[in-house]
Amino acid sequence: MATQTGSVANLSAVSRIFKGKTGTVHALDNISFDLKAGKTLALVGESGSGKTTAARVLLGLDQPNSGLIEVLGRNLGSLKYEELRLLRREIQVVQQDPFSQLNRRHSVERIVSSPLLAFDIGDKESRREQVIELLQAVGLEKEHLNRRPHELSGGQCQRVAIARALAVNPKIVVLDEAVSALDVSVRAQVLNLLREIQITRGLTYLFITHDLGVAHYMADEIAVMFRGRIVERGDRDDIFKKPRHHYTTGLLSSVPLASPTAEKRISEQDQSLPSPVADDSCNYRSRCAVGLGRDDCKSVPLQITQGSDTHSWLCHSPIERS
Amino acid sequence: MTSALVVKGLSLSVPSAKGRVTVIDDLSFDIPAGRRVGLVGESGSGKSLTAYSLMRLIKDPVRIEKGEIFLGGEEILGMKMKEFRHLRGNDISMIYQDPMSALNPIMRIGAQIVESIQLHSDLNNSQARKVAIELLASVGIPEPDRRIDSYPFEMSGGMLQRVVIAIALSGEPKVLIADEATTALDVTTQARVLTLIDKLAAERGLSVLLITHDLGVAAQFSDEIMVMYAGKLVERGEVNQIFSNPVHPYTKALLNSRCDYTIDVTKPINSIAGQPPRPDNRPTGCVFSPRCMHAQPKCHAEVPRLESVKGRLTACFRAEELLELGVAK
C-alpha cells in the first residue's frame, strides 16, 4: 500500500499553448495541482476546457510550453526517453472509448499481458497466471482470455482496459472519461469496481470527467476547469455544498436531476464561446452574471484566493458564504 | 384526451447468426396531444429503432414485422412512401443526436433551412430566406441575418443543434421526436437547448417524444415517462409516479444505479448485476427476470403483459405486491 500522505505527482504553473491559423489557444493556462497518494483528484469541465491536455502532459505524452511536471519525484522534462518509458510502470491510463483503446485483433490475454511483455516481466506461464488474476480482480473470468474485443460488451471492454492498466502494478492511474461511454447500470458497476481496487491496491487516481455526479462519487478533491484554467478547487463538500465560483454553480445548476420536483435553475447567460485566449483577467466574464458588469473582472489580473486549507478559487467577486 | 400519435403492436426484427430475431417486441403506446413523453432505456433497448419506425426510416436489414402507427388518426406504415413524405416534416419531425452529421458540412446552414422550408411550402427563395431568418431567431441564434450564411464548421455544437431544431420545426410539425438530441452537448449547453425545445413545444402546442438514456433529462423535461428494456415497454406513468414510486424492478434498479451528485458517496452504488441481453439471446419469460432480484419461477416462464396498476402501466407479475412493499417502507 502506498502511504496515505504526500503527493505522488504534481503540475506547477504548467502552460500548454497551441498555435494555429485562427490564433493561439491556451489549452492549459498556468495550472497547478498535485495528486495525493491513495486519493482521487477529479478534473471537471466542459469539452475544450483542457482536462485531457492536462492528462497528456502528466503522462508525458505531450510537452508543456512552460511549467514543471513531477511524477514520483522525477521531473518529466529532464527525463530521457528510456527513463520516461520506465516511469510508465508507475503511471497508466484508461481511456474513454471501450472499443477503440483495445486492439480488436488481439485476444484479451494478449491485450492484458502486453504491458508485462513491454517491461519484460515474468515468463509466458507466470504472465498467464497474472492475467487471470487481473481479470478476476476486475470481475471477468478465465473464460474471457481468448475473447476478442468485439465479443465483449462495452462494460467488459472497459474492465479489460482497467486490467491492462493494472498489469504493471502502477501507483497512479489516469482515468480519462473512463465511464462516459457506459450505460447507467454498467457505469455503476465499473465505478464501484474502481473504488474497490483503489483501496485494495492503494492507487492514486486522476479522474477526468464532464459528469459532476461521477466526480462527486469518485473524488476526494475536485478541480473545476474552464478554458485552460482551474477556476475552483476543493474537496467534495467545498465544491458541491459551498461553491464560490460562478462557473461552478452554473455547472451544478445545469445538471438535470432525476427528480421531477427538483428546482430548475438554468441561467440565461451569453453562450458565445471565444477561443481560450490568454488574458490575465477573467475569461469567464462574458458568461458570468456578476462579472459582465464589473470593471475589475475585465481589467484586473486574477489571483488565486485561498479560502481554506482545501478550498481555493479564481474570482474577483466570489459567491458569498457565511 | 386525443392522441397525436398511436403505436399498436409494433415488432421489429434484425438478422443474426440464429436467423431473424426480434429487437422490438409488441410495442404499443400513444402520445397524447400536447404532452411531452420521455422514453428512457439503456443502449440496445430499442429507443432509437422506435423513433426511426415513427419516421419510417427503418431500412434493411432491420425489418418491421408487424404493427400499426397512427399519426393524427391516419395509419402511416401501410401508406405509400410518396404520400408519407408529405407527412414527414409537416406532421412529424425529428431532431437527431449528432448535429454535425445531421447537417451537410459543405452547405451553408441557410440553404439547408431554406431547402427544408421549400419542401413543405410554395414559398420562393427570398420569402423562404425570410422565414429561415425568423426560425433562426426563434431558436435563439444571435444575429440570425448574418449567421444564416455560416457553414456548419463555423458554429459550436450547441448552435448547430439549434439549427437542426430550426429545420425540424420548418414544416410546422405537430409531433416532434428528439432522439438523444442533447447527449453530445456540454451540460450547460444541454440545459439551454432542452429549455429551448420545451419553450418552443409549449408555444406551438407540440407533442414531444423525448428519447434519452439520461434519467435527469427525462425527469426534468417530460410529463410522462416510458421505460424500455430489451425491446419491451416495461413501465409507463406520470413523471412523478415513475421517479418517486417506481414499481417495475427494472425502473427501480435503473434509478438506484444512477450517479448524480445527490447520492450517498459512503456506500457503493446499487448497480444491476449482469448486462442487458443481446437480441439473439433474450430470455424466455420476463426479459428482465435473469437480472431481477424479485424474480420467481413464473417470471422465467411467462411473459408479463403491460397492465394498469394504481394509475400506471407496468409489465410485472409482482407489481401490486411490490408496490405495497414499496409503500410499506
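The values are calculated or read from the model by the stated rules, or taken from the named source; none is laboratory data. All values reported here derive from a predicted model rather than from experimental measurement. FYI the Cβ positions are ideal-geometry reconstructions off the backbone, even for glycines, and counts take in every protein chain you see.
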Within the stretch B:1-48, count every residue that is assigned to a loop (DSSP other than H, G, I, E, B), crowded, with 23+ Cβ neighbours inside 10 Å and free of Cβ contacts under 8 Å to residues at least 60 places away in the same chain.
-> 0
Looking at A:Ala165, A:Ala181, which is the one that is assigned to a loop (DSSP other than H, G, I, E, B) and either under 16 Å from the mean Cα position of the chain (by Cα) or surrounded by fewer than 19 Cβ atoms within 10 Å (Cβ to Cβ) (or both)?
-> A:Ala181
Of the candidates A:Val14, A:Val25, A:Val44, A:Val57, the one satisfying the condition of being of a type in the set (A, V, I, L, M), out of contact with any Phe, Trp or Tyr (no Cβ under 7 Å at 6 or more places or on another chain) and under 23 Å from B:Gly157 (Cα atoms) is A:Val44
With respect to B:Gly41, determine if the residue is modelled with pLDDT under 95 and in contact with a Lys or Arg (Cβ under 7 Å, 6 or more places away or on another chain).
-> yes
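Residues checked against (1) in contact with an Asp or Glu (Cβ under 9 Å, 6 or more places away or on another chain); (2) of a type in the set (Val, Ile, Thr):
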{"residue": "A:Val93", "(1), (2)": "yes, yes"}
{"residue": "A:Phe99", "(1), (2)": "no, no"}
{"residue": "A:Leu102", "(1), (2)": "no, no"}
{"residue": "A:Pro115", "(1), (2)": "no, no"}
{"residue": "A:Gly122", "(1), (2)": "yes, no"}
{"residue": "A:Leu145", "(1), (2)": "yes, no"}
{"residue": "A:Arg148", "(1), (2)": "no, no"}
{"residue": "A:Arg164", "(1), (2)": "no, no"}
Within the stretch A:77-97, is there a residue that is of a type in the set (Phe, Trp, Tyr) and either farther than 13 Å from A:Gly60 by Cβ or surrounded by 19 or more Cβ atoms within 10 Å (Cβ to Cβ) (or both)?
-> no
Yes or no: A:Ile222 modelled with pLDDT of 95 or more and under 25 Å from the mean Cα position of the chain (by Cα)?
-> yes
Could you tell me which numbered condition A:Arg148 fails, if it satisfies all but one of (1) surrounded by fewer than 24 Cβ atoms within 10 Å (Cβ to Cβ); (2) closer than 24 Å to A:Leu135 by Cβ; (3) within 8 Å of chain B (Cβ to nearest Cβ)?
-> (3)
Is it fair to say A:Ser15 is surrounded by fewer than 15 Cβ atoms within 10 Å (Cβ to Cβ), among the small types (Gly, Ala, Ser), more than 22 Å from A:Phe240 (Cα to Cα) and in contact (Cβ under 8 Å) with a residue 40 or more places away in the chain?
-> no
Only one of B:Ser126, B:Ser121, B:Ser101 is of a type in the set (Ser, Thr, Tyr) and within 27 Å of B:Gly34 (Cα to Cα), namely B:Ser121
Mind checking which residues of the stretch B:263-277 are modelled with pLDDT of 90 or more and out of contact with any Ser or Thr (no Cβ under 7 Å at 6 or more places or on another chain)?
-> B:Ile263, B:Asp264, B:Val265, B:Thr266, B:Lys267, B:Pro268
The stretch B:203-240, subset in contact with a His (Cβ under 9 Å, 6 or more places away or on another chain) and of a type in the set (A, V, I, L, M), residue nearest to the other protein chains (Cβ to nearest Cβ) = B:Val227
Out of (1) facing another protein chain (nearest Cβ under 8 Å); (2) touching an Asp or Glu at 6+ places or on another chain (Cβ under 8 Å); (3) farther than 20 Å from B:Ser3 by Cβ; (4) not small (Gly, Ala, Ser), the one B:Phe243 does not meet is (2)
Starting from the stretch A:157-178, take each residue that is over 23 Å from A:Ala37 (Cβ atoms) and list its partners that are surrounded by fewer than 21 Cβ atoms within 10 Å (Cβ to Cβ) and among the β-branched types (Val, Ile, Thr), counting only C-beta distances under 9 angstrom and pairs at least six apart or across chains.
-> A:Glu177/A:Thr52
Scanning the stretch B:259-286 for residues that are in contact (Cβ under 8 Å) with a residue 40 or more places away in the chain and out of contact with any Pro (no Cβ under 7 Å at 6 or more places or on another chain), which turns out surrounded by the most Cβ atoms within 10 Å (Cβ to Cβ)?
-> B:Pro276
Yes/no for A:Gln189 being within 24 Å of the chain's Cα centre (by Cα), closer than 28 Å to B:Ala253 by Cβ and crowded, with 17+ Cβ neighbours inside 10 Å | yes
Taking A:Asn146 as the residue in question, decide whether it is of a type in the set (S, T, N, Q) and without any contact (Cβ under 8 Å) to a residue 12 or more places away in the chain.
-> no
All conditions in (1) under 25 Å from B:Leu54 (Cβ atoms); (2) out of contact with any strand residue (DSSP E or B) (no Cβ under 7 Å at 6 or more places or on another chain) are true of B:Ala201 except (2)
Residue that is farthest from B:Leu39 (Cα to Cα) [pool: residues in the stretch B:229-246 that are in contact with a helix residue (DSSP H, G or I) (Cβ under 6 Å, 6 or more places away or on another chain) and crowded, with 24+ Cβ neighbours inside 10 Å] = B:Pro246
Quick one: count up the residues across the stretch B:259-287 that are within 8 Å of chain A (Cβ to nearest Cβ), of a type outside the set (A, V, I, L, M) and farther than 16 Å from B:Tyr229 by Cα.
-> 6
Over the stretch A:285-321, the set of residues under 28 Å from A:Asp34 (Cα atoms), in a loop (DSSP other than H, G, I, E, B) and among the small types (Gly, Ala, Ser) is A:Gly307, A:Ser308, A:Ser317
Regarding B:Lys59, is this residue in a strand (DSSP E or B), over 15 Å from the mean Cα position of the chain (by Cα) and more than 30 Å from B:Thr195 (Cβ to Cβ)?
-> no
More than 10 Å from chain A (Cβ to nearest Cβ), within 30 Å of B:Lys310 (Cβ to Cβ) and surrounded by 20 or more Cβ atoms within 10 Å (Cβ to Cβ) - does that describe any residue in the stretch B:187-197?
-> no
For the stretch A:67-74, indicate whether the set of residues that are assigned to a loop (DSSP other than H, G, I, E, B) and of a type in the set (D, E, K, R) is non-empty.
-> no
Within the stretch B:143-183, which residues are of a type in the set (D, E, K, R), within 14 Å of another protein chain (Cβ to nearest Cβ) and farther than 20 Å from B:Ala128 by Cα?
-> B:Glu154, B:Glu180
Look through the stretch B:247-258, keep the residues that are away from chain A (no Cβ under 11 Å) and of a type outside the set (Val, Ile, Thr), and return whichever of them is surrounded by the fewest Cβ atoms within 10 Å (Cβ to Cβ).
-> B:Lys252
